[in-house]
Amino acid sequence: MANNKPQIPKCEECHHKHEGESIFCCLNKDETEVVSQGKRNMLFKRGQVIFSEGNQPHGIYCVHSGKVKIHKMGDEGKEQIVRLAKASNIIGYRSILNNDCYFASATALEDTEVCFISKSTIVDLIKNNSNFTFSLINLLSDDLKRAEEKITHMAQKHVRERIAGAIVLLIEAYGYKEDKQTIDSNLTRREIANIAGTTTETSIRILSELSKDNIIELPGKDIKILDYNELIKTANIYD
């Protein structure tokens, strides 16, 4: 359950919308007002579950600030992180579109503010705004592409490549801190292992090897990128 109502601005005043980062940028003034008046602002502390796998969805969540992991429980209760979300992203939309239960859970990686938008509001936008519908189709297409790539990586890549790929994913999802080298993420070594589909012990060992090879540096719990090009090569990523 969320704590303390956050001070999130109205949709028409949201900087994500003004900067063109939000899927709701294509809404007209009236549609934006409807979403703004009907949304519910929520705050989740680090580690709190936003929604749970198997539950019935009643709307979507738009991340105003913070970071979120989308994860499933696999065999023997092992967690698998399937996606990372940040400010301006929406989560929980796939289950709304296919009218099914949540296929995964969402948990706050740090204190996270979200706007909950009801299913009926989203369905009305899909029916009446073709640009919004097209934006959702693009999101689903990206999801499918990532899922296909992940299956290929798990089947064909060695664990060192997968760990390097997980680091690249963190860079793409959350970017860098002010030094432009340290990843702006507080994921644990276990969570990095869950992205790569390996064990925590293996994750720690491979990270240490990458550090010895001067590809990354590990100051405390942070990951600092020393040689991005070599990291890409190690991850065996090609355009």
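Listed here are the residues, each with its yes/no results for (1) closer than 20 Å to residue 21 by Cβ; (2) in the same structural domain as residue 202 (by TED's automatic domain parsing); (3) in contact (Cβ under 8 Å) with a residue 40 or more places away in the chain.
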| residue | (1), (2), (3) |
| --- | --- |
| 126 | no, no, no |
| 132 | yes, no, yes |
| 139 | yes, no, yes |
| 150 | no, no, yes |
| 163 | no, yes, yes |
| 169 | yes, yes, yes |
| 174 | yes, yes, yes |
| 182 | no, yes, yes |
| 189 | no, yes, no |
_I'd like to know if segment 40-55 contains one or more residues that are closer than 26 Å to residue 131 by Cα and either β-branched (Val, Ile, Thr) or more than 14 Å from the chain's Cα centre (by Cα) (or both)._
yes
*Kindly indicate whether residue 17 is buried (at least 18 other Cβ atoms within 10 Å of the Cβ), without any contact (Cβ under 8 Å) to a residue 40 or more places away in the chain and closer than 25 Å to residue 133 by Cβ.*
yes
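Being in contact with a Ser or Thr (Cβ under 7 Å, 6 or more places away or on another chain), of a type in the set (S, T, N, Q) and in contact (Cβ under 8 Å) with a residue 60 or more places away in the chain is the requirement here; does residue 105 meet it?
Against the criterion (in contact with a Ser or Thr (Cβ under 7 Å, 6 or more places away or on another chain), of a type in the set (S, T, N, Q) and in contact (Cβ under 8 Å) with a residue 60 or more places away in the chain), residue 105 does not qualify.
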*Look through 123, 168 and report the one residue that is within 30 Å of residue 37 (Cβ to Cβ) and either at pLDDT 95 or above or among the β-branched types (Val, Ile, Thr) (or both).*
123
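Return the residues of segment 150-175 that are under 20 Å from residue 229 (Cα atoms) and surrounded by fewer than 15 Cβ atoms within 10 Å (Cβ to Cβ); say none if nothing qualifies.
158, 172, 175
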*Evaluate segment 196-213: report whether one residue or more is part of a loop (DSSP other than H, G, I, E, B) and under 18 Å from residue 85 (Cβ atoms).*
no
*asked:* Any residue at all in segment 80-93 that's touching a residue at least 40 places away in the same chain (Cβ under 8 Å) and farther than 24 Å from residue 192 by Cα?
replied: yes
*assigned to a loop (DSSP other than H, G, I, E, B) and closer than 17 Å to residue 81 by Cβ: does that describe residue 186?*
yes
*Which one of these does residue 33 not meet: (1) surrounded by 15 or more Cβ atoms within 10 Å (Cβ to Cβ); (2) more than 20 Å from the chain's Cα centre (by Cα)?*
(1)
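The values are calculated or read from the model by the stated rules, or taken from the named source; none is laboratory data. Predicted, not measured: the structure shown is a model, and the values here were computed from it. Note that each Cβ is placed from the backbone with ideal geometry, even for glycine, and that neighbours are counted across all protein chains shown.
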